[in-house]
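Everything on this sheet refers to the single structure shown next.
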Amino acid sequence: MIVFCSRKTLSDRQEQVRQILHFILLEIAMVYIGWMNHFFAGTKELIAFMLVVVLVYVFVRLVNYQMDKKAADELNLKFKERRKKSEVATWEDGRKDMR
Amino acid sequence: MSIFQKMKKRNKGGNIAVKVTIEEIPIDQEEKLILRCHGFNEETLKLVQSIKDSKNGLAGYLGDEIHRLSMDEIFYFEVVDNHSFFYCRDQVYESHLKLYEFEKMSCTGSFFRASKSVVLNADKIDYITPSFSGRFEAVLLNQEKITVSRQYVTDLKRKMGGRKWNLKSLYTNSYLCILLFWRGLLQQPLYIVRFSIQKRYLMQMIELDFFYRHLLQTFP
C-alpha cells in the first residue's frame, strides 16, 4: 500500500509505474518467502511459482475491473434516472411559465 | 413525505400539502425565514442550503471581474498548486475558498470529493467508466474527463442513493461478530439489528454465526 501513497493525485502514467513497482515487490516477497520455506527444488519450479504469482495478480486485477464495471453501470443508470427527472421538472416549469 | 416533496407537489398544482405563509414586514425589521416541519432530513437541509446559496452565491474571479456563481453552475472545484478554481460549463473562475471550505459548504448538495484535489458535482456527470488502474473516469456533460479515486466512489454511491453499507463495513462487522462469538459473549443466535444492517447482510451475519457455532462444536 505504501507504494501507492502520495500527497498529490497521481496521473495515469504515475499510477501505472507504481503498479508495476508493486507487482515487482510482490513477486520478490513471494519468491523470498517461498525460498525460505523450501518451496522449490530447482529453477523450473521457481519459474512455475513466479508464473502462478503473475496469473493470480492478473486474475485479481480482472475480477476487480469486473466489479468496478458493475458499480459503474449501476451508477450510470442512476445518473440517467436523475437526468430524466430533472428534464421532466424543467419541462413542467417551462409549461407553468407559459401559462 | 418531506417538506421538500410537499412543496414540489404544491408547485405542480396538486393538492396543497404544505402551507406557505408570507408576511410583509417593515424595512427596519430583520428578514427571517422560519421553516416549520415534522422532521429534519437531507432534503430539508438541501432546501435550506439552496436558500442560503440563492442569497449569498459564490464569488468567482475572472481577471478583474467578480462573478456571482450558483452551486448549480459549478461542474467541479479543483485546487492546483494552492490556487482554487471553479470549473463551469465553458468558463474557469478562480476562487479564494480552500478545498475543505468548499467541501463543507457543498456537503448537503450533490457535490462529493472525487480525489485529493477535486470536489465534483454528481449532477453534471454524464457517465462513469472504470479503468484498469483501479480508478474511475467521470465524463462530464461538457465532455471533460475527471478521475475519481476508488476510495471516494462510495461517497458517490451514497450521494446517488445507493447502499450505505460498503464491503469494508460488512467485513468489519463480520470480524466484530467473530470476536464477540469467540469471547463467549453471545450465547444465542446473533441479532445485530441495533447495527441497522440491511436484511441481506443480516442474513449473511447469521449464517456466519451458525458457521462459527458449528466450528466450535466440531473443535471445542
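Computed quantities for the displayed model
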| read-out | value |
| --- | --- |
| Neighbour-limited loop hits for chymotrypsin sites (Phe, Trp or Tyr not before Pro), the range A:22-59 (at most 16 other Cβ within 10 Å; DSSP other than H, G, I, E, B) | A:39, A:40 |
| Sequence of B:89, B:113, B:150 when ordered by accessible area, the most exposed leading, probe 1.4 angstrom | B:89, B:150, B:113 |
| Net +/- balance of residues flanking residue B:79 in space, Cβ distance below 9 Å, scoring K and R +1, D and E -1 | 0 |
| Förster radius 35 Å - calculated FRET efficiency between residue B:68 and residue B:40 (Cβ-Cβ, nearest 0.05) | 0.75 |
| Calculated FRET efficiency for the pair residue A:11/residue A:39, C-beta based, R₀ 35 Å, to 0.05 | 0.40 |
| 5 angstrom amide H check on residue B:84, placed H, neighbours 5+ away | B:95 |
| Residue-count net charge about residue B:61 - beta-carbon cut-off 13 Å; Lys, Arg +1, Asp, Glu -1 | -2 |
| Total accessible surface hidden between B and A, rounded to 100 Å², 1.4 Å probe | 2400 |
| Delta accessible area of at least 50 Å² on complex formation, residues of the range B:109-132, 1.4 Å probe, chain isolated as reference | B:116, B:128, B:130, B:132 |
| Under Karplus coefficients 6.51, -1.76 and 1.60, residue-wise ³J(HN,Hα) of the range B:127-136 in Hz, glycine/proline x | 8, 10, 10, x, 10, 5, 6, x, 10, 10 |
| Virtual spin-label span in nm between residue A:87 and residue B:139, 7 Å along Cα→Cβ | 1.6 |
| Spacing of the two label points (7 Å from each Cα toward its C-beta) at residue A:61 and residue B:30, in nm | 6.1 |
| In order through the range B:65-81: 3J(HN,Hα) via Karplus (6.51 cos²θ - 1.76 cosθ + 1.60), integer Hz, x for Gly, Pro | 7, 10, 10, 9, 10, 9, 4, 5, 6, 7, 7, 7, 10, 10, 10, 10, 6 |
| The range B:79-125: C-alpha gyration tensor shape, a/c 1.5 cut-off, then a/b vs b/c | oblate |
| Estimated FRET transfer efficiency when R0 is 30 angstrom, pair residue B:23-residue B:90 (beta carbons, to 0.05) | 0.15 |
| With DNA, RNA and ligands ignored, accessible area of residue A:28 (1.4 Å probe; Å², nearest 10) | 100 |
| Cβ-based net charge around residue B:22, under 13 Å, with every Lys or Arg adding one and every Asp or Glu removing one | -1 |
| Whether the range A:4-78 is rounded, prolate or oblate, judged on the alpha carbon gyration tensor where a/c under 1.5 counts as rounded | oblate |
| Sequence of B:149, B:131, A:86 from largest to smallest accessible area, 1.4 Å probe | A:86, B:131, B:149 |
| Accessible-area composition of the range A:1-71, carbon plus sulfur, in percent [1.4 Å probe] | 72 |
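The values are calculated or read from the model by the stated rules, or taken from the named source; none is laboratory data. If you're wondering where the values come from, they're calculated on a predicted model, not measured in any experiment. With ideal geometry, Cβ positions are generated from the backbone for all residues, glycine too; neighbour counts draw on all protein chains shown. Areas reflect the complete protein model, heavy atoms only, side chains present, ligands, DNA and RNA absent. Shrake-Rupley method; radii C 1.70, N 1.55, O 1.52, S 1.80 Å.
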